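Encoded as structure tokens, the structure appears first; notes follow it.
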Amino acid sequence: MNAQTLNNVAEIQNYNGKATQTQAAPSTVFTQTANNQNGYGVGYLEAFGGGIYLADDFEVSQTAKITKIRTFGFTTVQPYTTLGDATTELKMYIFEDGNGAPASLPAAAYKTITVEKGAPGITITVSGQLYEMSIDLVAAGIDLTLDSKTRYWFSVAPTTNLEDDVRYAWFKATGNKYSGQVQLVDPDDLFEIGLTDWTPLNDILTNPWGDFGLAFTITGETDLGVSEAFSSFKALVHNDRTTNSLRIVLGEGNQLLGAEVYDATGKKVISSDNSNTSLNTVALPSGVYFVLLKTKKGIEKTKFIK
């Protein structure tokens, strides 16, 4: 039996504080900006024995090794530090698409990212009512690669340890980059109205959410593809995950003399002193690698993601 029930299922929360900007880094592969006006409360409430989840759809234009995910929200509970103090861990979920909604419930998400407060990678930034909750996947040692032009759904849920309903009011975005409506699920029926499957948030609220997404930003390292334009000197590499090989493409009139591959720590992991333009990468673990190419026209430096 639930410890207690929630009673604000049909209402969004309003923010009346100072506006904030969600700045996109150069490595941003997806972003939706906060409207700085209102949002809906999400989180896993330990004392209630369940959670309230929202999800929004997104895509990345190029296959990317995800490095950081940032979400933007606020709290209406005073003192405003309560939410941060009560948060014990941060969970983020990636779902596959199931005909316009997440294909599974959070317990069976495609990818679940969990970081305890105080562990490397988690950041909870508080400024008055404003909260930014983010996970640096590199610092947390979490490997996540998302495929290009594939529809995914994203959700965030801070775990709180209070007996009160203290949730993270996730900001509505200023727009909606993809057509899927924001979805809500209450798997443990804390609201006691049967929202145990994903349901459009618009169908629940007294004042409809509208065609708007949720405020979050994803950054990552993208593959370098051979379809990019290059000069007669520029060299490109293409990581073929199917054959576990690295294909080197040189500009017209250039010739490969040798190649060296280094991991993120600077250790040399592959060395070739010939004109072979295909390198075997089967022994390399997942990660970001740097490539030094010795060519007839000089030295080229680039990188790829395994």
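Laboratory data are not the source of any read-out in this text; all were calculated from the coordinates shown. Computed from a prediction, not measured in an experiment: that's the story for all the values here. For neighbour counting, all protein chains shown are included, and Cβ atoms are generated from backbone atoms with ideal geometry for every residue, glycine included.
Summary of computed values
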{"quantity": "Nitroxide proxy distance, nm - points 7 Å out along Cα→Cβ at residue 301 and residue 46", "calculated": "4.6"}
{"quantity": "Length released on extending from residue 151 to residue 76, taking residue separation times 0.36 nm less the Cα-Cα span", "calculated": "23.7 nm"}
{"quantity": "Residue-count net charge about residue 177 - beta-carbon cut-off 12 Å; Lys, Arg +1, Asp, Glu -1", "calculated": "-3"}
{"quantity": "Proximal lysines to residue 117, defined as alpha-carbon separation beneath 17 angstrom and excluding residues fewer than eight positions away on the same chain", "calculated": "68, 91"}
{"quantity": "Anisotropy class of the chain from Cα gyration tensor, a/c 1.5 cut", "calculated": "prolate"}
{"quantity": "5 angstrom amide H check on residue 205, placed H, neighbours 5+ away", "calculated": "none"}
{"quantity": "Using θ = phi - 60° and Karplus 6.51 cos²θ - 1.76 cosθ + 1.60, couplings along the stretch 260-271 (whole Hz; Gly, Pro as x)", "calculated": "9, 10, 10, 7, 5, 8, x, 7, 6, 10, 9, 9"}
{"quantity": "Farthest positive-ward along the chain dipole, Cα basis, beta-carbon charges - from 79, 150, 170", "calculated": "150"}
{"quantity": "Förster radius 35 Å - calculated FRET efficiency between residue 265 and residue 8, Cβ distance, rounded to 0.05", "calculated": "0.10"}
{"quantity": "Using θ = phi - 60° and Karplus 6.51 cos²θ - 1.76 cosθ + 1.60, couplings along the stretch 159-174 (whole Hz; Gly, Pro as x)", "calculated": "8, 10, 10, 9, 7, 8, 7, 10, 10, 8, 7, 6, 4, 5, 8, 6"}
{"quantity": "Percentage relative contact order, the stretch 98-196, counting C-alpha pairs under 8 Å, at least six apart", "calculated": "21"}
{"quantity": "For the stretch 61-68, Karplus couplings with θ = phi - 60° (6.51, -1.76, 1.60), whole Hz, Gly/Pro x", "calculated": "6, 10, 3, 9, 8, 6, 10, 7"}
{"quantity": "Spin-label model distance (nm) - residue 114 vs residue 37, 7 Å beyond Cα toward Cβ", "calculated": "3.7"}
{"quantity": "Built amide H within the under 5 Å cut-off of residue 60, gap 5+", "calculated": "149, 150"}
{"quantity": "Fraction of beta bridges assigned by DSSP in the chain that are antiparallel (%, nearest 5)", "calculated": "100"}
{"quantity": "Computed lengthening from residue 274 to residue 61, 0.36 nm per intervening residue step minus Cα-Cα distance", "calculated": "73.2 nm"}
{"quantity": "Estimated [θ] at 222 nm from DSSP helical runs (n ≥ 4, -39500 (n - 2.57)) normalised by residues in the chain, nearest 500", "calculated": "-500 deg cm²/dmol"}
{"quantity": "Relative exposure of 212, 171, judged by other C-beta atoms within 10 Å (fewest first)", "calculated": "212, 171"}
{"quantity": "Dipole magnitude of the chain, debye to nearest 20 (Cβ charges: Lys/Arg +1, Asp/Glu -1, about Cα centre)", "calculated": "1700"}
{"quantity": "Placed amide H near residue 171: partners under 5 Å, 5+ positions off or other chain", "calculated": "72, 73, 74, 215"}
